[in-house]
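Notes to accompany the following structure.
The values are calculated or read from the model by the stated rules, or taken from the named source; none is laboratory data. Here the structure is a predicted model, which is why all the values come from computation and not from measurement. Please note: Cβ atoms are built from the backbone with ideal geometry, for glycine as well, and neighbour counts cover all protein chains shown. Remember, those area values only see protein heavy atoms, side chains included, never the ligands or the DNA or RNA. Shrake-Rupley method; radii C 1.70, N 1.55, O 1.52, S 1.80 Å.
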Amino acid sequence: MASGQESAGIVTSDGSTPPTYTTLKGMGLVSTAFKPEDLLKLRYGNLGIGHTRYSTTGMSELQNCQPFVVDTLHGKIAVAHNGELVNAAALRKKVMRHGVGLSTSSDSELITQLLALTPPMEEVNTPDWVARIKNLMTETPTSYSLLVMHKDVIYAVRDPYGNRPLSIGRLVPISKLHSANGEGDTEGWVVSSESCSFQSIGAKYYREVQPGEIVQISKHGIKSLSVVPRPEGDPPAFCIFEYVYFARPDSIFEGKFISQMVYTVRQRCGRQLAIEAPTDADVVSTVPESATPAALGYAQESGLPYVEVLCKNRYVGRTFIQPNTRLRQLGVAKKFGALTDNFAGKRVVLIDDSIVRGNTISPIIKLLKEAGATEVHIRVASPPIRFPCYMGINIPTKEELIANKPEFEDIAGYIGATSVRYLSVEGLVTAVQGGIESCGEKEQISSRSKSSRRVGHCTACLTGKYPVELEW
């Protein structure tokens, strides 16, 4: 669950009463955090949850590595959290007033401790985990997708605004992986922040956990236990940046009945960008790889040929989620090589998915010009990012963002480009929501009350309009 490259953890349970939990945690990527002999320790578990982390709150330390495990009146629970609580500071004080000590600086530990508190109506010897989860959801409106493991059950939970993704998959026989088989072939259930992970473990996408939904997963299958509504009139607030950059292109988002692939949305963004920001140029290319679908869409809409101008070193991690500037800059320096034969003597339109801090794009432009490009026009398939995200993406200060610096007035000159244009906020929302509406979702939405609307996106990092009031 979640995406990151700072630390990784796994907790398994044998499902007995009381259960035996086995925990593995380590710093770095999964491939370095866990050795094969370590994984052998998990073989006796028949259910488990895992987490990979990059820090938005809390230091990059092993003690902040998830999942967290705590004792409650009714036995141990393990919790994995993707997101960031908008009222973490107030909750921290509230938990401490109950006499609960906190051992980490992570807001995810707050969730674990809140789940350990006994809700008012719970009977002494009968734990009511739905009531506990609902109590948590009343304490903090967003942002979280959760996995909660207790004994032989896992609860999958999404906050009422659906800010962070959470998908359910079915484990099926390998022979049935690509066939349209029914639930009768199900060998087990899996949950992930992104559906793209399912196929690699022999699972098929089933559906999303809906905003505010609590889903129970056990040896008996899956069961939707409850849906906690949003305040009247509030639309969902799924993070639009998942489409822009964060998610893998083959992931599927948004919909219990109709879903759309990230790749297709990015391609529509590129088409919309070509309409809004046409360019007099010879070729279209991309900053690989997350911007490739947008570049193809731009090329299709503009009629310009698409070529590759950069060769990516696949052994370097993603630069945006490196925890400090020095690591990001070092990542850029060794990340790309120029495919000179494809663009020497030509005017290049280079499509990028986003420009956050401006550390990545400037050396790329310099590389292309030194390799023979006569012009390099930057077209960005998302609007300028102007505001911090307080809901799970590492954009901590306005001062870091290139769109808020004086240099943004002449951004082309600052980064060394011939010209720079961005997709508008309206264009991005149109590209994202157009696919849902074109599949017939529009008619379904119009018949519902505003409080149950299923289409809505958080654009706070672009507009400064946060889906909930922020608490400090």
For a test of the definition: using alpha carbon positions, the gyration tensor, and the 1.5 limit on a/c, classify segment 62-220 as rounded, prolate or oblate. prolate
Expressed in µm² per second, the diffusion coefficient of the chain from the Stokes-Einstein equation, with Rh the Kirkwood radius over alpha carbon pairs, at 10 °C and 1.306 mPa s, is 67 µm²/s
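Strictly greater than 13 Å: what percent of every Cα pair in segment 1-51 meets that?
Working: 714 of 1275 pairs.
Here the long-distance tail beyond 13 Å is 56 percent of all Cα pairs in segment 1-51.
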Hey, could you pull the Cα Rg and Dmax for segment 170-311, both in Å? 19.1, 60
Using a 7 Å offset from Cα along Cα-Cβ at E276, what residues in segment 381-413 end up with backbone N under 20 Å from the label point? 381-389, 401-405, 408-413
On the protein heavy atoms, probe 1.4 angstrom, tell me the percent of accessible surface of the chain carried by carbon and sulfur. 52 percent
Ordering of 351-363, 398-410 by packing [mean C-beta count within 10 Å, highest first]: 351-363, 398-410
Rounded to the nearest 10, the angle in degrees between the Cα long axis of helix 129-139 and the longest principal axis of the Cα atoms of the chain comes to 50 degrees
Could you check what % of the DSSP bridge pairs in the chain are antiparallel, to the nearest 5? 75 percent
Label model pair E308, E232: point-to-point distance (7 angstrom along the Cα→beta-carbon line) in nm is 5.7 nm
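What does the accessible area per residue of the chain come to in Å², with a 1.4 Å probe and no ligands, DNA or RNA counted? Intermediate values should be presented prior to the final figure.
On the way: 20360 Å² over 472 residues.
That works out to 43 Å² per residue.
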Residues of segment 349-372 with backbone nitrogen within less than 20 Å of a virtual label 7 Å along the Cα-to-Cβ line of T340, please, listed as ranges. 349, 363-372
Tell me, what is the FRET efficiency for M121 and N404 to the nearest 0.05, using R0 = 35 angstrom and their Cβ-Cβ distance as r? 0.15
With angles folded into 0 to 90 degrees, how steeply does helix 88-97 sit against the dominant principal axis of the chain? Use alpha carbons for both and round to 10. 20 degrees
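Could you compute Rg(Cα) / (2.2 N^0.38 Å) for segment 214-284, with N its residue count? Display every interim value, and only then the final one.
Values: Rg = 18.3 Å, N = 71, 2.2 N^0.38 = 11.1 Å.
Ratio of Cα Rg to 2.2 N^0.38 Å: 1.65.
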Links exceeding 24 Å between C-alpha atoms in this model, out of K41/K176; K94/K134; K93/K398; K366/K405; K25/K76; K335/K369, come to K41/K176; K93/K398
